[in-house]
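Here's the structure we're looking at; comments come further down.
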């Protein structure tokens, strides 16, 4: 018995020594790293340890990793940041995107497409934020942040979002300041009146809390002018979402002149001022007739986002990678697409600890293959572009842990719950 015990103790000692000798928890081998913050666009290895990026180098010894991920022929990027989603899901049938049935639980729709951070865009207002935080933020593996709605009730739809008396900038700012770890800014959305009060109150909250404002703008007939919005009401760093949309009826001005196929001059001036143009694809908020000429004019989005909810994911939007692939097919180079989905949104929401693969950074990493085939990318009007490539997520790593592995490219494979 003593010999047997000594033998097993020896094995345990050897195994422990071997684990201690391993420098990395994960080594990603042979992938093409695209890290816009650090201007990396080449084949590199990535070593991860204790939830952080430990090393990015030409050749890291695979033997030094507890797990090895073979990423040859794949792209390795920072974890994607979707700054316009709707994840304040719940069971209330009359609550729309605020504890309602149209929003989505984040973990089921993020990791499988490389998203590690999603910002709920206006689902919760100051009055409903605690419920959102307790139900969703605290219970999600995905990093969930919030653009707090200027409406106290949040995005409940209908008359709730038309009630200017519930758009209190002081209360909104107070709750945001108390929850700085979770709130990144304020949201204006779905207002149908010819009144600047929702925008101005959100901007006032933004000034009080030192946070940006995201504006889903338009709904009145005739529409309030975009030039006035950009140049007189919004500040540098504020965000115009649904940038490439043409809505039916004369309810929202466009950024592209549909006849001339040119970006309107005031839009270019707004970009120089520092206004951020976000995709916010959505169910009805993207038109090729706006996006194609804008991309041809070199007017790329600052940030790519989905406006994720049950309607958009089952319509032409699909998911983050589908939207990114559309912009790639339209002519954006891949590093620009990756930047607009990682480092640029991290800067916009003032979370510059995210969106890059710097040494000592949080190890949020996405690995993609570029799938070859015949693919159709259509918009809400039925207009379709055909492409031979689209992005597909192979693996997502969140905080140094593998949370999604499509084809079992990790060796060994450790199942997590």
Legend entry - Residues of region 198-216 classified as touching a strand residue (DSSP E or B) at 6+ places or on another chain (Cβ under 7 Å) and either assigned to a helix (DSSP H, G or I) or modelled with pLDDT under 95 (or both), total: 6
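Among the residues of region 293-333 satisfying the criterion of being part of a helix (DSSP H, G or I) and in contact with a helix residue (DSSP H, G or I) (Cβ under 6 Å, 6 or more places away or on another chain), which is surrounded by the most Cβ atoms within 10 Å (Cβ to Cβ)? Quick ask: steps written out before the conclusion?
If we filter region 293-333 for residues that are part of a helix (DSSP H, G or I), which is where we start, we get 293-296, 310-313, 320-330.
Applying the additional criterion that residues be in contact with a helix residue (DSSP H, G or I) (Cβ under 6 Å, 6 or more places away or on another chain) yields 295, 320-321, 324, 327-328, 330.
Values: 295: 19, 320: 28, 321: 23, 324: 25, 327: 23, 328: 21, 330: 18.
Filtering first and then ranking leaves 320.
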Inset, instruction - Identify all residues within region 110-140 that are surrounded by 22 or more Cβ atoms within 10 Å (Cβ to Cβ) and over 21 Å from residue 205 (Cβ atoms); write none if there are none. - result: 110, 111, 113, 114, 115, 116, 117, 118, 136
Legend entry - region 379-403 residues that are more than 27 Å from residue 79 (Cβ to Cβ), paired with ones that are surrounded by 15 or more Cβ atoms within 10 Å (Cβ to Cβ) and modelled with pLDDT under 95 (beta carbon under 7 Å, 6 or more apart): 380/284
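Any residue at all in region 348-361 that is more than 26 Å from residue 237 (Cα to Cα), in contact with a strand residue (DSSP E or B) (Cβ under 6 Å, 6 or more places away or on another chain), at pLDDT 95 or above and surrounded by fewer than 21 Cβ atoms within 10 Å (Cβ to Cβ)?
Among the residues of region 348-361, at least one is more than 26 Å from residue 237 (Cα to Cα), in contact with a strand residue (DSSP E or B) (Cβ under 6 Å, 6 or more places away or on another chain), at pLDDT 95 or above and surrounded by fewer than 21 Cβ atoms within 10 Å (Cβ to Cβ), which makes the answer yes.
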Inset, instruction - Scan region 156-187 residue by residue and report those that are more than 20 Å from residue 347 (Cα to Cα), touching a residue at least 24 places away in the same chain (Cβ under 8 Å) and within 25 Å of the chain's Cα centre (by Cα). - result: 156, 157, 161, 172, 173, 175
Legend entry - residue 260 being touching a residue at least 24 places away in the same chain (Cβ under 8 Å) and either part of a loop (DSSP other than H, G, I, E, B) or within 18 Å of residue 384 (Cβ to Cβ) (or both): no
Inset, instruction - Go through region 334-347 residue by residue and tally those that are under 16 Å from residue 295 (Cβ atoms) and either outside any helix (DSSP H, G or I) or modelled with pLDDT under 95 (or both). - result: 2
Legend entry - Residues of region 378-398 classified as crowded, with 21+ Cβ neighbours inside 10 Å and more than 23 Å from residue 32 (Cβ to Cβ), total: 1
Legend entry - Failed condition for residue 268, given (1) surrounded by fewer than 21 Cβ atoms within 10 Å (Cβ to Cβ); (2) assigned to a loop (DSSP other than H, G, I, E, B); (3) modelled with pLDDT of 95 or more: (2)
Legend entry - Residue satisfying all of: in region 141-155; part of a loop (DSSP other than H, G, I, E, B) and surrounded by fewer than 23 Cβ atoms within 10 Å (Cβ to Cβ); nearest to the chain's Cα centre (by Cα) among these: 141
Inset, instruction - Mind counting the residues in region 271-292 that are touching a helix residue (DSSP H, G or I) at 6+ places or on another chain (Cβ under 9 Å), assigned to a loop (DSSP other than H, G, I, E, B) and more than 18 Å from residue 239 (Cα to Cα)? - result: 2
Legend entry - Count of residues meeting criterion [part of a strand (DSSP E or B), more than 20 Å from the chain's Cα centre (by Cα) and within 26 Å of residue 283 (Cα to Cα)] in region 378-417: 7
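The values are calculated or read from the model by the stated rules, or taken from the named source; none is laboratory data. Since the model is a prediction, treat every value here as computed from it, not as a measurement. Neighbour counts are summed over all protein chains in view; Cβ atoms, including those assigned to glycine, are modelled from backbone coordinates with ideal geometry.
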